[in-house]
Each structure stands twice: as C-alpha cells, then as structure tokens.
1. Any idea which of Thr70, Thr76 is at pLDDT below 95 and surrounded by 14 or more Cβ atoms within 10 Å (Cβ to Cβ)?
2. Every residue in segment 82-114 that is more than 21 Å from Phe34 (Cβ to Cβ) and touching an Asp or Glu at 6+ places or on another chain (Cβ under 7 Å), please.
3. Mind checking which residues of segment 11-48 are under 14 Å from Arg78 (Cα atoms), of a type in the set (A, V, I, L, M, F, W, C) and in contact with a helix residue (DSSP H, G or I) (Cβ under 7 Å, 6 or more places away or on another chain)?
4. For Phe104, all conditions in the list (1) surrounded by 14 or more Cβ atoms within 10 Å (Cβ to Cβ); (2) at pLDDT 95 or above; (3) not in a helix (DSSP H, G or I) hold save one; what is the number of the exception?
5. I'm trying to understand the selection: among the residues of segment 40-67, which are assigned to a loop (DSSP other than H, G, I, E, B), open to solvent by less than 40 Å² (accessible area, probe 1.4 Å) and not β-branched (Val, Ile, Thr)?
6. Just give me the residues in segment 1-39 being of a type in the set (Asp, Glu) and either assigned to a helix (DSSP H, G or I) or in contact with a His (Cβ under 7 Å, 6 or more places away or on another chain) (or both), in sequence order.
7. Which members of segment 80-100 meet the condition of being within 15 Å of Ser21 (Cβ to Cβ) and touching a residue at least 24 places away in the same chain (Cβ under 8 Å)?
8. Among Leu31, Leu124, which is among the hydrophobic types (A, V, I, L, M, F, W, C), within 17 Å of Ala17 (Cα to Cα) and touching a Phe, Trp or Tyr at 6+ places or on another chain (Cβ under 9 Å)?
Amino acid sequence: VQVVGDRFIFQSEVLFATGSSDIGEDGQRQLAAFADTLKNIAARIPTNIDWLLRVDGHTDKHPYHGGLGTNWELSTARAIAVVKFLIDQGIPPNRLVAAGFAEFRPLAEGDSDDILRRNRRIELKLDQR
C-alpha cells in the first residue's frame with residue numbers, strides 16, 4: 001500500500017489475480033487492516049463532517065477481453081468488490097462509493113511492464129459530501 005497525498009493506493013496484483021474481480025487472501029488481509037485503520041480514523045472525525053471513502057478502480061491500457069467485458073467493467077467490478085469487502089468489515093455502506101475509471105486516468109504514460117503495473121490499481125480516498 002502506498003500513501004500518495006490524500007490517497008491510499010493498492011496495486012491490483014496485491015488484491016486480485018489477473019483479469020479477476022475476486023479479492024485474494026493476501027488482498028483480504030491488507031484490506032482488513034485498512035478497514036481497522038479506517039474505523040479508528042472515523043471514530044475521531046467530528047459528527048458534523050459528512051465523510052465518505054471513494055474506491056476507484058483503474059486498469060492499464062491493454063484491452064481486457066475476459067469474462068467481465070471491458071476495462072470499464074473490470075475496473076468497476078474490482079471497486080465494487082472492495083466496497084463489499086469493506087462493508088463486511090464494518091464500514092457503513094452510506095460512507096462508501098465505487099467508481100471505475102478503466103484505463104483513462106493513468107499514473108504514467110508508456111508501455112513498460114512497470115508503468116502498466118503502476119496503472120493497474122485501486123485508489124482509496126477520504127472525501128466529503
């Protein structure tokens with residue numbers, strides 16, 4: 001997990017197998033730890049602040065041809081899987097939102113394996129409504 005400014009970034013490979021929206025065991029452990037941290041933070045947020053956690057799914061620019069359809073569906077399905085997992089960990093559903101960005105918000109441009117890997121990610125961002 002990387003913390004970049006106001007975002008927590010999980011590389012997709014940490015959470016998901018290639019082309020899958022099922023969270024793996026290692027990913028579940030990391031997300032459970034994140035959920036515990038978020039619950040501690042949320043307990044200290046003043047009640048007059050209407051916060052939410054945005055879960056953004058991102059893919060690389062290679063076309064996805066798997067069972068989920070396109071990069072749009074894959075990125076969104078992964079974001080929804082993370083939201084559902086966080087709900088199971090005790091994060092209130094009204095505090096969560098899932099969004100899929102497909103390949104259209106890359107962190108870096110290029111075709112190297114490292115750049116493609118960096119662009120495949122889940123970003124978590126605390127926000128206000």
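1. Thr70
2. Across segment 82-114, the qualifying residue is only Glu103.
3. Once the filter is applied, which keeps residues that are under 14 Å from Arg78 (Cα atoms), of a type in the set (A, V, I, L, M, F, W, C) and in contact with a helix residue (DSSP H, G or I) (Cβ under 7 Å, 6 or more places away or on another chain), segment 11-48 yields Val14, Leu15, Phe16, Ile23, Leu31.
4. So the condition that Phe104 fails would be (1).
5. The answer is Asp60, Tyr64, Gly66.
6. Correct list: Glu13, Glu25, Asp26, Asp36.
7. Ile80, Ala81, Val82, Val83, Phe85, Leu86, Ala98, Ala99, Gly100
8. Leu31
The values are calculated or read from the model by the stated rules, or taken from the named source; none is laboratory data. What you see is a predicted model, and the numbers here were worked out from it, not measured in a lab. Backbone-built Cβ (ideal geometry, glycine too); neighbour counts: all protein chains shown. Only protein heavy atoms, including side chains, enter the accessible area calculation; ligands, DNA and RNA are left aside. Shrake-Rupley method; radii C 1.70, N 1.55, O 1.52, S 1.80 Å.
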